[in-house]
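The values are calculated or read from the model by the stated rules, or taken from the named source; none is laboratory data. A quick note: this is a predicted structure, and the numbers were derived from the prediction, not measured. Counting neighbours? That spans all protein chains shown, and the Cβs are built from the backbone with ideal geometry, glycine included.
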């Protein structure tokens with residue numbers, strides 16, 4: 001409650017509505033009452049508000065790959081925005097209230113080109129990871145395979161675009177140095193031989209090198 005010291009047109013002391021009156025060096029001063037900032041500490045934000053920047057940061061290094069893999073969505077939104085939305089729906093899991101990215105659900109490519117089962121990636125003696133798959137008989141054997149590795153420990157992506165034909169059924173992915181003991185997730189997708197389509201992302205499991 002405010003107190004009028006000098007009548008109706010004088011200053012007041014205390015709080016009245018959104019105003020605060022006080023004396024400073026003999027003069028009446030009126031200020032707005034203090035309001036807490038609407039900005040919240042990051043640690044106090046609900047988990048749901050953290051997943052968008054987390055996903056954007058996660059996918060940003062493979063924007064060029066997504067621009068190709070999600071290009072059919074450009075009529076409605078950017079390819080990258082479409083990929084972020086898709087992965088928010090399918091690749092977010094929670095450990096209690098903490099949001100995490102499920103690497104096995106990562107999707108950088110969506111399309112109608114036929115997919116196949118990609119085997120577990122294996123280490124060979126030459127320091128490569130082996131992607132192996134069955135080409136099948138219904139798909140175009142000249143479709144081009146793109147291969148992606150995600151190093152979960154270093155949080156880095158490695159990409160080999162259009163690196164093998166479907167009919168080859170095997171690809172040796174040369175590993176960078178210094179990743180012994182790291183967990184690597186492997187993915188594969190196809191670009192149509194005639195260049196007019198993409199396949200869905202295929203997850204090939206993970207290996208610890």
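Of the residues making up region 82-97, those that are modelled with pLDDT under 90 and assigned to a strand (DSSP E or B) number 0.
Scanning region 152-163 for residues that are without any contact (Cβ under 8 Å) to a residue 24 or more places away in the chain and either part of a strand (DSSP E or B) or at negative phi (or both) yields a count of 3.
Residue by residue, here is whether (1) under 20 Å from residue 147 (Cα atoms); (2) surrounded by fewer than 12 Cβ atoms within 10 Å (Cβ to Cβ) holds:
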| residue | (1), (2) |
| --- | --- |
| 75 | no, yes |
| 79 | yes, no |
| 85 | no, no |
| 99 | no, no |
| 106 | yes, no |
| 115 | yes, no |
| 121 | yes, no |
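The single condition among (1) in a strand (DSSP E or B); (2) over 13 Å from residue 120 (Cα atoms) that residue 171 does not satisfy is (2). Could we say that residue 67 is within 18 Å of the chain's Cα centre (by Cα) and surrounded by 18 or more Cβ atoms within 10 Å (Cβ to Cβ) here? So residue 67 does not fit the description; no. Checking each residue in region 104-145 for being over 20 Å from residue 68 (Cα atoms) and not in a loop (DSSP other than H, G, I, E, B) picks out 104, 118, 122, 123, 128, 129, 130, 131, 132, 133. Residues that are farther than 29 Å from residue 98 by Cβ and out of contact with any strand residue (DSSP E or B) (no Cβ under 8 Å at 6 or more places or on another chain) within region 55-78 comprise 64, 67, 73, 74, 75, 76, listed in sequence order. In the set (1) within 16 Å of residue 134 (Cβ to Cβ); (2) surrounded by fewer than 17 Cβ atoms within 10 Å (Cβ to Cβ); (3) touching a helix residue (DSSP H, G or I) at 6+ places or on another chain (Cβ under 8 Å), residue 170 fails one condition alone, (3). Can residue 149 be described as free of Cβ contacts under 8 Å to residues at least 60 places away in the same chain and not in a loop (DSSP other than H, G, I, E, B)? It is true that residue 149 is free of Cβ contacts under 8 Å to residues at least 60 places away in the same chain and not in a loop (DSSP other than H, G, I, E, B).
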